[in-house]
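*Asks:* One structure is given below, represented as structure tokens, and several questions about it will come after.
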Amino acid sequence: MKPMNYRARKQFGRRAVLTVVVIFVLLYLSSSSSSPKAGNHVSDKDAVDDPFRMHYEFGLYPASTFSPFSYINTRITKLKEEKDDPKKAGKKTRTESEEDKILLNWNKGSRFDQCRLLVKGFYTDEKWNNMNLVYAWSSKDYMEKTAQFAGECMRIYNYCFFEGDVNPRELFKKLDLQATDAYDFQKRMFFFLKNVTQEDSDYLYPTIKNVRTGEVVSKPKTKQNPQEFNSNFFANWRKIASGRGIVLSAKPDDIDMLRQQLSVWKELGNKYPIQVVHKGGELTRDNEISLKQFAEETDQNIYIVDAGPVLDKNFADEHITKFHNKWVGVLFNTFEEYIMVDADTVPFISAEDFFESENFKKSGMRMWRDRTLTNRHIREHCPDLALKLEPSLEEHRILGTTLRFKLLDPDLKQEKTSEERAFNQMRTNLALHHVDSGLVVINKKEKLHSLLLSEFFQNHALFRRCSYGDKELFWYAAFSANTDYVIEPEDAATIGKLEYSEKDRRYSICAIQMAHTDSNDQLLWTNTGLRNCKIPEVAKKDFDENPKMMTEKYGSLEVMKISYHAPLQIDGYLIPDPEEHEWQQTHVCADYTYCGFVDELNIGYSKAKVHEFSDEEKKRLNKISKIWNNADVNKERNRIGV
């Protein structure tokens with residue numbers, strides 16, 4: 001046989017590689033219905049023998065040197081090498097310890113024993129502390145490793161103390177660690193919590209006040225003493241969460257606006273309690289008086305939850321500002337299931353309808369999409385940083401952690417689900433906006449580890465730059481925490497006066513509101529209130545900066561002022577197809593107004609959608625708009641001359 005020339009060898013090599021790839025894909029497809037079980041340590045050989053693992057392990061980063069999984073993996077590897085080749089153990093003869101037995105039989109070990117060694121792994125760095133997430137500026141590599149570490153922390157914590165129900169006090173009794181205990185571990189893990197010790201006799205618990213009756217609750221209903229409760233705060237907090245309710249994280253400036261939202265909840269027949277949560281020291285006596293007045297006017301049961309007693313005051317004062325306040329409400333309300341709403345959010349369906357939706361009941365966390373804005377981008381480091389949301393190679397092999405999809409999987413580009421679409425658009429197009437967090441429905445017992453991870457990401461020096469405020473952190477964390485969530489597939493809409501251009505044969509709506517609908521054309525909720533302009537006092541400034549445009553649109557400044565103050569007229573909703581017409585941001589209402597356009601000829605042939613509500617539905621929706629506007633505190637004060 002003649003030797004192959006260079007071109008033939010090259011062609012043969014390509015064919016060989018292609019054949020291997022095809023075989024690998026076929027093996028993966030045939031095994032994709034199976035997934036590894038948690039708690040199974042897998043050797044390199046086992047991984048090679050399992051096509052599913054080979055596929056999942058592709059692209060996983062190694063754990064950092066300070067990761068508990070590095071500690072476990074290193075010890076298991078060393079023990080197995082010594083067992084296979086006693087010479088590697090050196091001259092000394094060693095007795096197999098209890099820990100050695102656990103490590104060598106990791107798959108058969110109890111949850112308690114596994115967690116004991118995982119927690120011990122944190123202390124390989126005696127100075128470990130998740131406060132490093134806030135100040136992780138030393139290098140890009142270190143920041144990426146701390147982002148990976150954050151996910152590991154919450155997956156371990158969930159595995160051990162939430163799902164595993166391991167008692168940390170008992171665990172630390174079995175650990176041969178000096179100068180540390182369950183309280184130290186908790187403070188290092190949750191740096192934003194108030195520091196408590198064995199000597200503290202007060203419960204770690206927020207102060208909850210019923211604004212209508214004045215009744216105050218400052219300790220939990222539990223048989224545990226303060227030391228037992230405090231040493232495992234979040235696991236116990238999760239257990240005692242109960243009932244359903246509505247949660248707002250409101251600043252003092254937002255209190256007056258709550259009267260409008262409360263009036264709408266009353267119209268919708270709400271009977272669920274409402275908790276207004278703050279970080280402590282924010283709401284004044286006048287704020288409480290106003291909330292009591294609003295509660296009585298709207299017949300709503302309102303509670304003020306002061307999270308100050310559970311938070312580290314120095315941390316809260318320095319770091320919990322602006323968007324960060326929302327996580328205080330997300331974490332420190334007392335409900336098992338709740339609707340987290342912004343102060344300017346307006347619902348159009350009852351709270352019961354949100355809770356009873358199939359997507360919420362099956363997932364435990366329901367979100368809605370943001371506007372598709374193709375010209376708003378995240379920073380270039382974010383797609384690579386997102387890979388740190390996935391487990392390390394060592395975690396995957398030690399605990400069998402696999403997330404719902406792989407970020408490097410080519411199939412992700414098919415965007416089969418709304419959740420895959422969000423990740424793919426973030427990674428491939430650097431898209432910034434994905435969800436509107438003005439209303440999120442959450443089951444806290446199921447999602448607490450995910451919500452705590454969101455708080456970690458909010459504090460992370462690098463990761464928080466990959467989200468506009470709090471919005472994307474809900475689903476980034478839910479994905480990384482390996483828990484289910486739903487981002488509704490319908491794109492965000494705009495609502496208002498539906499207009500039609502005979503010349504262009506085009507529908508349009510221009511408004512500040514970003515609204516959310518379902519597949520049955522039902523309007524569910526909107527953000528930004530129900531006035532034509534949420535800050536009507538900017539009318540003169542807008543007019544002076546764009547006199548020609550504003551004169552053409554309104555005729556005069558006085559007419560413009562009236563329009564800015566007027567209630568939103570709701571005729572229908574419109575969702576443009578960004579491949580045909582981008583959302584157009586205008587200078588109306590301080591640049592908060594967006595116009596959506598849909599060509600009549602493209603209706604039914606593109607992603608665009610136009611829907612005009614029935615006369616009956618228009619009447620109902622515009623009644624809500626009127627109720628919201630009439631409840632404006634400032635309008636009421638002007639009427640009575642205050």
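*Asks:* What is region 556-642 by shape, rounded, prolate or oblate, if you read a ≥ b ≥ c off the alpha carbon gyration tensor as root eigenvalues and call it rounded for a/c under 1.5, prolate for a/b larger than b/c, and oblate otherwise?
*Replies:* Cα axes put region 556-642 in the oblate bin.
*Asks:* Turning to a different aspect of this structure: Along the Cα→Cβ direction, 7 angstrom out, place labels at E580 and K553. What is the inter-label distance in nm?
*Replies:* 2.4
*Asks:* Give me the percent relative contact order of region 239-317, please, defined on Cα pairs under 8 angstrom at least 6 residues apart.
*Replies:* 36
*Asks:* Calculate the FRET efficiency for S606 and S139 from the Cβ-Cβ distance with a Förster distance of 41 Å, rounded to the nearest 0.05.
*Replies:* 0.35
*Asks:* If DNA, RNA and ligands are ignored and the probe is 1.4 Å, what is the ranking of S519, S606 by accessible area, most exposed first?
*Replies:* Correct descending sequence by accessible area is S519, S606.
*Asks:* Could you name the lysines whose alpha carbon sits less than 19 Å from that of K503, not counting residues in the same chain fewer than 8 places away?
*Replies:* Output for K503: K553.
*Asks:* At R0 = 22 Å, how high is the FRET efficiency between S201 and S110 if r is their beta carbon distance? Nearest 0.05 is fine.
*Replies:* 0.10
*Asks:* Relative contact order for region 396-513: what percent, with Cα pairs under 8 Å and sequence separation of 6 or more?
*Replies:* So the answer I get is 22 percent.
*Asks:* Applying a 10 Å radius around every beta-carbon, put 72-79, 219-226 in order of their mean neighbour count, most first.
*Replies:* In descending order of packing, they fall as 72-79, 219-226.
*Asks:* Note down the accessible area of R379, probe 1.4 Å, to the nearest 10 Å².
*Replies:* Spelled out: R379, probe radius 1.4 Å, area about 130 Å².
*Asks:* State which helices in the chain qualify, where a helix is a whole DSSP H run, it must extend 27 Å or more along its own axis by its Cα atoms, and its mean Kyte-Doolittle hydropathy must be at least -0.5.
*Replies:* Span-like helices here: 6-31.
*Asks:* For the chain, what is the calculated [θ] at 222 nm in deg cm²/dmol (nearest 500), taking -39500 (n - 2.57) for each run of four or more DSSP H residues and dividing by its residue count?
*Replies:* -12500 deg cm²/dmol
*Asks:* Per 0.36 nm of contour for each residue apart, how much would the distance between D85 and K127 grow if the chain were fully extended, relative to their Cα-Cα spacing?
*Replies:* So the chain would gain 11.6 nm between D85 and K127.
*Asks:* Let me ask something else about it. Tell me the carbon and sulfur percent of the accessible area for region 493-630, rounded to whole percent, probe radius 1.4 Å.
*Replies:* C and S fraction of accessible area: 48 percent.
*Asks:* Follow-up question, since we're still on this one. By how many nm would the segment from N634 to A179 lengthen if fully extended, with 0.36 nm per residue of separation less the alpha-carbon distance?
*Replies:* That pair, N634 and A179, stretches by 158.1 nm at full extension.
*Asks:* If you take the square roots of the eigenvalues of the alpha-carbon gyration tensor of region 369-527 and sort them as a ≥ b ≥ c, do you get rounded (a/c under 1.5), prolate (a/b over b/c) or oblate?
*Replies:* Since a/c reaches 1.5 and a/b is larger than b/c, the shape of region 369-527 is classed as prolate.
*Asks:* For E502, E267, E98, E390, give the ranking by accessible area with the largest first, probe 1.4 Å.
*Replies:* Putting E502, E267, E98, E390 in descending order of accessible area: E502, E98, E267, E390.
*Asks:* Still on this structure, I have one more. Of all the accessible heavy-atom surface of region 188-239, with the other protein chains kept in place and a 1.4 Å probe, what percent is carbon and sulfur?
*Replies:* 43
*Asks:* So how far apart, in nm, are the two label points at K503 and E617 if each is 7 Å from Cα heading toward Cβ?
*Replies:* With each label point 7 Å from Cα toward Cβ, the separation is 3.1 nm.
*Asks:* Moving to a separate point now. Name the residue from V341, P410, L311 whose Cα lies farthest towards the positive end of the charge dipole of region 285-435, charges +1 on Cβ of Lys and Arg and -1 on Cβ of Asp and Glu.
*Replies:* Ranked along the dipole, the leading option is P410.
*Asks:* Classify region 311-449 as rounded, prolate or oblate from the Cα gyration tensor: take a ≥ b ≥ c as the square roots of its eigenvalues, call it rounded if a/c is under 1.5, otherwise prolate when a/b beats b/c and oblate if not.
*Replies:* rounded
*Asks:* Taking the Cα of K313, stepping 7 Å toward and past its beta carbon, and measuring to each backbone N in region 212-237: which are under 13 Å?
*Replies:* What the label zone holds, given the 13 Å backbone N cut-off, is no residue at all.
*Asks:* In Å², and per residue, what accessible area does the chain have when probed at 1.4 Å with the other protein chains present?
*Replies:* About 47 Å² of surface per residue is accessible.
*Asks:* Positive end of the dipole of region 375-523, charges at C-beta (+1 Lys, Arg; -1 Asp, Glu), about the Cα centre: which of H377, L393, L462 has its Cα farthest in that direction?
*Replies:* Value computed over the given set: L462.
*Asks:* Looking at (1) 46; (2) 39; (3) 32, which value of percent of Cα pairs over 39 Å apart comes from a calculation on the structure shown?
*Replies:* (2)
*Asks:* Could you check the spin-label model distance between R285 and S97? Points 7 Å from the Cα along Cα→Cβ, value in nm.
*Replies:* Modelled inter-label distance: 6.1 nm.
*Asks:* A follow-up question, please. Normalising by the residue count of the chain, find the relative contact order in percent from Cα pairs under 8 Å and 6+ residues apart.
*Replies:* 14
*Asks:* On a 1.4 Å probe surface of the protein chains, which of K101, K120, K292 comes out largest in accessible area, and what is the full order?
*Replies:* Order by accessible area, largest first: K101, K292, K120.
*Asks:* Let me ask something additional. Evaluate E = 1/(1 + (r/R0)^6) for D353 and V217, where r is the Cβ-Cβ distance and R0 equals 30 Å; express this FRET efficiency to the nearest 0.05.
*Replies:* Approximately 0.55, to the nearest 0.05.
*Asks:* Let me ask you something else. Which cysteines in the chain lack any other cysteine whose Cβ sits under 4.7 Å from their own Cβ?
*Replies:* Among the cysteines of the chain, those whose Cβ sits 4.7 Å or more from every other are C153.
*Asks:* Rounded to the nearest 20 Debye, what is the dipole magnitude of the chain about its Cα centre when Lys and Arg each give +1 and Asp and Glu each give -1 at the C-beta?
*Replies:* 1860
*Asks:* Quick query: amide H of L193 versus all other amide H atoms, modeled in the peptide plane; which residues come in under 5 Å with a sequence gap of 5 or more or a different chain?
*Replies:* Counting only residues 5 or more places away or on other chains, the set is D312.
*Asks:* What net charge do the residues around V247 carry, taking every other residue with its C-beta under 11 Å from that of V247, with Lys and Arg at +1 and Asp and Glu at -1?
*Replies:* Charge balance in the 11 Å sphere: +1.
*Asks:* Can you give the extra length, in nm with one decimal, that the chain gains between H377 and L408 once fully stretched, where that is 0.36 nm per residue apart less the Cα-Cα distance?
*Replies:* 9.2 nm
*Asks:* After finding the eigenvalues of the alpha carbon gyration tensor for region 197-272, what semi-axes result from the square roots of 5 times each, listed largest first in whole Å?
*Replies:* 32, 14, 12
*Asks:* I'd like the accessible area for S231, computed on protein heavy atoms only with a 1.4 Å probe and all protein chains in place. Round to 10 Å², please.
*Replies:* Spelled out: S231, probe radius 1.4 Å, area about 0 Å².
The values are calculated or read from the model by the stated rules, or taken from the named source; none is laboratory data. Every value quoted in this text rests on a predicted model; they were computed, and no experiment measured them. All Cβ positions, even for glycine, are placed from backbone atoms using ideal geometry, and neighbour counts span all protein chains on display. Each accessible area value is taken on the protein alone, full model and side chains, heavy atoms only, with ligands, DNA and RNA left out. Shrake-Rupley method; radii C 1.70, N 1.55, O 1.52, S 1.80 Å.
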